[in-house]
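Notes follow once the structure below has been shown.
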Amino acid sequence: MKKRIGIDVDGVIRDFSLDLHKVIKEHYPEYIMNAVDTPKEMTDWDLENSFNAPKEEIQRIYREEFAHNILSNGTPIKENVDYLRERIKEDEYTFVCITSQHPICCHHTLTWLGNQGLGFSSVVFKKGRKKWQVEVDYLIDDSPNNHEAWVYGRQMGDGFLLLDRPWNEKVDAQNRVKNIKEAMKLIDNVW
């Protein structure tokens, strides 16, 4: 039986933070904490700590007003998308997309996945804290909250591969990786 590998979307294969920052800088510059000329990644998982606006306002921007720009046509993290597309074609593992999306955003993410040519065996929309319940052997994700829920829910850190991002630097993860290729090397060689 093939091992099942879960792949998160935002922060792993779609550059949500870059696109959100670009949109806010262009349309709501007063929400930018530090005026910089180039978009940057969020440094805090909590949106309200990354912008000068309440969390609900930032959510409205990416879920409603600019969902098409940020979600449907979001910037792929090219090295991860290209590598993953090839690994999916090899058919050695079963790849499952596991993403936490607000219900009004699911179709944008499905459109984006189709545009990237990523032929996941299935797409599961699951709140981050419940991703550990999806029947996968491994999960590649960037969320500190999802890591904590996985460890608590499964009673171990095995199988969670934390993709290194500024917002998860303080997480003491058993398996921290820089990209999907590095994660797959661990899966191929260690487990």
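Every number in this text was worked out from the coordinates using simple rules, so none of it is lab data. These numbers were taken from a predicted model, which means no experiment stands behind them. Neighbour counts run over all protein chains shown; Cβ positions are idealised from the backbone, glycine included.
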The helix 180-189 Cα axis meets the longest alpha-carbon principal axis of the chain at an angle in degrees, between 0 and 90 and rounded to 10, of 20 degrees
With Cα coordinates, the longest principal axis of the chain makes an angle with the long axis of helix 16-27, in degrees rounded to 10, of 10 degrees
For segment 48-136, the Debye formula with one identical point scatterer on each Cα and no solvent gives log10 I(q)/I(0) at q = 0.25 Å⁻¹ as -1.30
Calculating Rg and Dmax of the Cα atoms in Å from this structure picks out, from (i) 15.2, 44; (ii) 16.3, 53; (iii) 16.6, 50, entry (ii)
Unit-weight point scatterers at every alpha-carbon of segment 84-162, Debye formula, q = 0.15, 0.20, 0.22, 0.25 1/Å: log10 I(q)/I(0) is -0.56, -0.94, -1.08, -1.24
Counted neighbours (other Cβ, 10 Å), sorted fewest up, put Y31, Y152 in the order Y152, Y31
Pseudo-spin-label distance D91 to F125, built 7 Å along Cα→Cβ, given in nm, is 3.0 nm
Listed residues W167, W150, W132; largest mean-square fluctuation, Gaussian network over the chain with Cα springs below 10 Å, found at W167
Candidates D142, D172, D164; GNM for the chain (alpha-carbon contacts under 10 Å) flags as most fluctuating D172
Among beta bridges assigned by DSSP with both residues in the chain, the antiparallel ones amount in percent, to the nearest 5, to 10 percent
